[in-house]
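Take a look at the structure set out below.
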Amino acid sequence: MLKRMEEAGCPIAWVVADTVYGGNLDLRTWLEAHGYAYVLAVACDEPVGIVTPDGQRRRVEVRDVEALVLHEQEWQRLAMSEGTKGPRLFDWACVPILHRRARGWTPLAPHPPQSL
């Protein structure tokens, strides 16, 4: 859909999506290749490359990023919309990540499916 919008000349300022789309590496790669700003939610077990405060390049799962690089003052609480009981508040922080093609970054092996 985004490709068709771009081809039709529709302006795209930025893209936001939940984990259904955020987990799609092809979509993230396409957005980066075309220079679009985006915020896509990803699952907590998504592998990312980060640079720790001491300068080390680390490959970690998203769930581990907070403990490694974020301090309490770096979080912002923002209202995303009004709910039936008032503003729907979410905590946000911005963490630079290494692109998958960055030198020194290798993806984690995929997790085997969990049986229920």
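Determine the sum of side-chain charges near residue 23: Lys and Arg each +1, Asp and Glu each -1, restricted to other residues whose C-beta is under 11 angstrom from that of residue 23. Working shown, then result.
Values: positive: 28; negative: 18, 26, 45, 46.
Computed value for this residue: -3.
Work out how much length residue 36 to residue 95 would gain on full extension: take 0.36 nm times their residue separation and subtract the Cα-Cα distance, in nm to one decimal. Don't skip to the end; give the middle numbers.
Working: separation 59, 0.36 × 59 = 21.24 nm, distance 1.76 nm.
Residue separation times 0.36 nm, minus the Cα-Cα distance, leaves 19.5 nm.
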*Under a plain spin-label model, where a point goes 7 Å from the Cα along Cα-to-Cβ, how far apart in nm are residue 57 and residue 15?*
2.5
*Note the per residue figure in Å³ for the convex hull of the C-alpha positions in the stretch 1-42.*
63
*asked:* Considering just Cα atoms, how many Å³ per residue does the convex hull of the stretch 1-107 enclose?
replied: 139
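Write down Rg/Rh for the stretch 45-106, rounded to two decimals, with Rg from the C-alpha atoms and Rh from the Kirkwood relation over Cα pairs. Write out the running numbers ahead of the final one.
Numbers: Rg = 14.9 Å, Rh = 13.4 Å.
Here the Rg-to-Rh quotient is 1.11.
No value in this document is a laboratory result; all are computed from the given coordinates. It should be emphasised that the depicted structure is a prediction, and the values quoted were computed from it without experimental measurement. With ideal geometry, Cβ positions are generated from the backbone for all residues, glycine too; neighbour counts draw on all protein chains shown.
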